[in-house]
Amino acid sequence: MTDILTTDAATPAAPENRPWLDASLTVDQRVELLLAEMTVEEKAGLFFQTMIVMGEGGELSEGDSAFGIPSNREYVAGRHMNHFNLLGVAPKASHIAAWHNKLQELAASTRLGIPVSISTDPRHSFSDNPGAAMFAGPFSQWPEPLGLAATRDADLVQRFGDIARQEYTAVGIRVALHPQVDLATESRWARQLQTFGEDAALAGELGAAYVRGFQGSAFGPGSVSTMTKHFPGGGPQKDGEDPHFDYGREQVYPGGQFELHLKPFEEIFAAGGRQIMPYYGMPVGTEYEEVGFGFNKGVLTGLLRERFGFDGIVCTDWGLVTDQPIMGTDFAARAWGVEHLTPAERMVKILDAGADQFGGEHDPELLLGLVRDGRVSEERLDVSARRLLREKFELGLFENPYVDVEAADAIVGSAEFRAAGEAAQRASIAVLSNDGALPLRRGLKLYVEGIAPEAAAHYGEIVETPEEADAAILRLQAPYEQRASMFENFFHAGSLDFPEDVVAHVRAVSSVVPTVVDVFLDRPAILGPIVDAASAVTANWGANADALLEVLTGGSPATGKLPFDVPSSMAAVEAS
């Protein structure tokens, strides 16, 4: 594993008053030395991992009112926090790197100098859902995990993980809030795009390859720690609704298939996955308490800690404790099954369940009040604090928390990495039907929708109407229903039927000219009417216009395979 971490700031020395900086000691010794010096306030700060934003051009930020995020300085110096999920996309990698170094300098100026750990949701794909992933921005662009699953290629997935590791570490991101190895067994569920599909064996194989790519051959200073989600499997949501929202809080297991959803996690543990995130959902009709998994002692202690022997970090999903506004709409805490508890009581239940961190929360005073009242012991804080500090030491953050700002732009989104991502995009595209229209001959007169004309012009002559064309190419998005708020509409849910006007339009174009329809299948849309109308149908899970057109014109083979079943009707979905 290549270690690309370099420094443009001084590596911390080991003064007498900071003996935990002595790298000749074991990690356990260093953890105990630091823990012994920490106040309860400094320990409490470790327990909170939440969103943070960077300032323009790589400066420190004064916060973001839309997400209720305070200033960088308030987080680090005021609240003793040092685990953050970076929100938003920067135009240049060097801006992220510069901001990261300034944040580490701020952390180094605190009493104990505990370095910051920066995490992120996926950043290499095409998603625009800020509750699940980020646009790629300066990073190389790859298919979504469903697209990686469509390749059936574990070596490719590990290569992706290794490239993502290099890009993340170049800007200071050391924790990946992924992979997501939930099984896409409920066709309507909004979170399938970041999974590896419905097959448990494939999800386990590819998830393990993903972890090996991010963490490297040996976990250490060049690694990115992976936080696999959502234990014990977040796919089987009742009616396919997502438990980000109260109407999707129930998780059900038709056919008694609870154990099936655990199988990918077994492969993650064998691959050395370091961290786990439980999901929001509450299990219904199982042996476990009907409360959200982050509150569920039978699941986190009995199943995860005891049965599987997992001693890594467990961080809850975001926002289990306090009500918080998101994008101008007030949302209740996802305290499913324990809505009647106060925020303080929810914290106690989460800690008792066996979790180490409160995801998306940023009020250490709430935890400190519990310690002062004797409801949470300092010894219980120490149990989780050891895990959290150990990770920072093993990642090498105490030796060198800084990155090389000048190198970041050369590493992130390099020509080599972008070429690898585009090759993966091409490999993931699946041909679902073809009456002989494919491959298209280059140089035809093309009518296109959903493709920039300047991109399509490399493959044929672009015309304004289907009547002028030799072939038409239409790009569609899998259908979804509009919901009440902006945040909800990032989670594509509801019916999988294409609206009649969309189907009618495809039929109208197809009646004039041979038509190829490409569908972004973030969920398994009901494709029958489209297949009946079009000359050929392809599926993608994140592919730019060039990648698609290379496949459609025969420049690259179409090797992708569906990572899930496609239903014949909504009646079939509801009866499944």
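The values are calculated or read from the model by the stated rules, or taken from the named source; none is laboratory data. Bear in mind that the values here come from a model prediction, so they are computed numbers and not experimental data. Note: ideal-geometry Cβ built from the backbone for every residue, glycine included; neighbour counts use all protein chains shown. Only protein heavy atoms, including side chains, enter the accessible area calculation; ligands, DNA and RNA are left aside. Shrake-Rupley method; radii C 1.70, N 1.55, O 1.52, S 1.80 Å.
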A careful count of residues in segment 510-524 that are open to solvent by less than 40 Å² (accessible area, probe 1.4 Å), in a loop (DSSP other than H, G, I, E, B) and over 23 Å from residue 565 (Cβ atoms) gives 1
Does segment 272-288 contain any residue that is in contact with a helix residue (DSSP H, G or I) (Cβ under 8 Å, 6 or more places away or on another chain), open to solvent by less than 30 Å² (accessible area, probe 1.4 Å) and farther than 30 Å from residue 209 by Cβ? yes
Can you give me the number of residues within segment 45-60 that are over 25 Å from residue 277 (Cβ atoms) and either of a type in the set (S, T, N, Q) or touching a Pro at 6+ places or on another chain (Cβ under 6 Å) (or both)? 0
Hey, can you tell me all the residues within segment 399-433 that are of a type in the set (Asp, Glu) and crowded, with 21+ Cβ neighbours inside 10 Å? none
Checking residue 507 against (1) modelled with pLDDT under 95; (2) outside any loop (DSSP other than H, G, I, E, B), the condition it does not meet: (1)
If we keep just the residues of segment 289-313 that are open to solvent by less than 30 Å² (accessible area, probe 1.4 Å) and touching a Pro at 6+ places or on another chain (Cβ under 7 Å), which is nearest to residue 361 (Cα to Cα)? 294
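Hey, any hits in segment 354-367 for a residue that's of a type in the set (A, V, I, L, M) and open to solvent by 10 Å² or more (accessible area, probe 1.4 Å)?
The answer is yes, given that some residue of segment 354-367 is of a type in the set (A, V, I, L, M) and open to solvent by 10 Å² or more (accessible area, probe 1.4 Å).
Of these, 383, 348, 371, which one is over 25 Å from residue 302 (Cβ atoms), surrounded by fewer than 22 Cβ atoms within 10 Å (Cβ to Cβ) and not small (Gly, Ala, Ser)?
The conditions single out 371.
Would you mention how many residues in segment 216-228 are open to solvent by 10 Å² or more (accessible area, probe 1.4 Å) and either under 17 Å from the mean Cα position of the chain (by Cα) or on the phi > 0 side of the Ramachandran plot (or both)?
Looking only at that region, the number is 1.
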Among (1) under 29 Å from residue 493 (Cβ atoms); (2) of a type outside the set (Val, Ile, Thr); (3) surrounded by 23 or more Cβ atoms within 10 Å (Cβ to Cβ), residue 170 falls short only on (1)
Lone qualifier among 157, 171, 116, 175 - being farther than 30 Å from residue 428 by Cβ and modelled with pLDDT of 95 or more: 116
In this structure, is residue 426 in contact with a Pro (Cβ under 9 Å, 6 or more places away or on another chain), of a type in the set (Lys, Arg) and modelled with pLDDT of 95 or more? yes
Could you grab me the full set of residues in segment 154-196 that are over 15 Å from the mean Cα position of the chain (by Cα) and not hydrophobic (A, V, I, L, M, F, W, C)? 155, 158, 159, 162, 166, 167, 169, 172, 185, 186, 187, 188
Top-ranked residue of segment 315-328 - restricted to ones that are in contact (Cβ under 8 Å) with a residue 60 or more places away in the chain and in contact with a helix residue (DSSP H, G or I) (Cβ under 6 Å, 6 or more places away or on another chain), ranked as surrounded by the fewest Cβ atoms within 10 Å (Cβ to Cβ): 327
What residue, among those in segment 432-488 that are polar (S, T, N, Q) and within 11 Å of residue 517 (Cα to Cα), is modelled with the lowest pLDDT? 477
With criteria (1) on the phi < 0 side of the Ramachandran plot; (2) of a type outside the set (A, V, I, L, M, F, W, C); (3) surrounded by fewer than 21 Cβ atoms within 10 Å (Cβ to Cβ), residue 255 comes up short on (1)
Given the residues 534, 508, 493, 543, which is the only one that is of a type outside the set (Ser, Thr, Tyr) and free of Cβ contacts under 8 Å to residues at least 60 places away in the same chain? 508
Considering residues of segment 75-118 that are over 21 Å from residue 36 (Cα atoms) and of a type in the set (D, E, K, R) only, the residue least open to solvent (accessible area, probe 1.4 Å): 102
Residues being among the small types (Gly, Ala, Ser) and assigned to a loop (DSSP other than H, G, I, E, B) - total across segment 278-300: 3
Kindly list, by first and then second residue, each pair from a residue in segment 37-62 that is in a helix (DSSP H, G or I) to a residue that is among the aromatic types (Phe, Trp, Tyr) and open to solvent by less than 10 Å² (accessible area, probe 1.4 Å), limited to pairs with Cβ atoms under 6 Å and residues at least 6 apart or on different chains. 58/99
Take segment 434-470 and flag every residue that is touching a residue at least 60 places away in the same chain (Cβ under 8 Å), out of contact with any Ser or Thr (no Cβ under 7 Å at 6 or more places or on another chain) and buried (at least 17 other Cβ atoms within 10 Å of the Cβ). 438, 451, 456
If we ask which residues in segment 260-271 are open to solvent by 10 Å² or more (accessible area, probe 1.4 Å) and not in a loop (DSSP other than H, G, I, E, B), their number turns out to be 6
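Yes or no, residue by residue, for (1) farther than 15 Å from residue 360 by Cα; (2) open to solvent by 40 Å² or more (accessible area, probe 1.4 Å):
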site: 29; (1), (2): yes, yes
site: 38; (1), (2): yes, no
site: 42; (1), (2): yes, no
site: 48; (1), (2): no, no
site: 61; (1), (2): yes, no
site: 68; (1), (2): no, no
site: 73; (1), (2): yes, yes
Residue match in segment 354-361 (condition: free of Cβ contacts under 8 Å to residues at least 60 places away in the same chain and within 24 Å of the chain's Cα centre (by Cα)): yes
Kindly indicate the residue of segment 135-148 that is open to solvent by 10 Å² or more (accessible area, probe 1.4 Å) and touching a strand residue (DSSP E or B) at 6+ places or on another chain (Cβ under 9 Å) and also modelled with the lowest pLDDT among those meeting that condition. 135
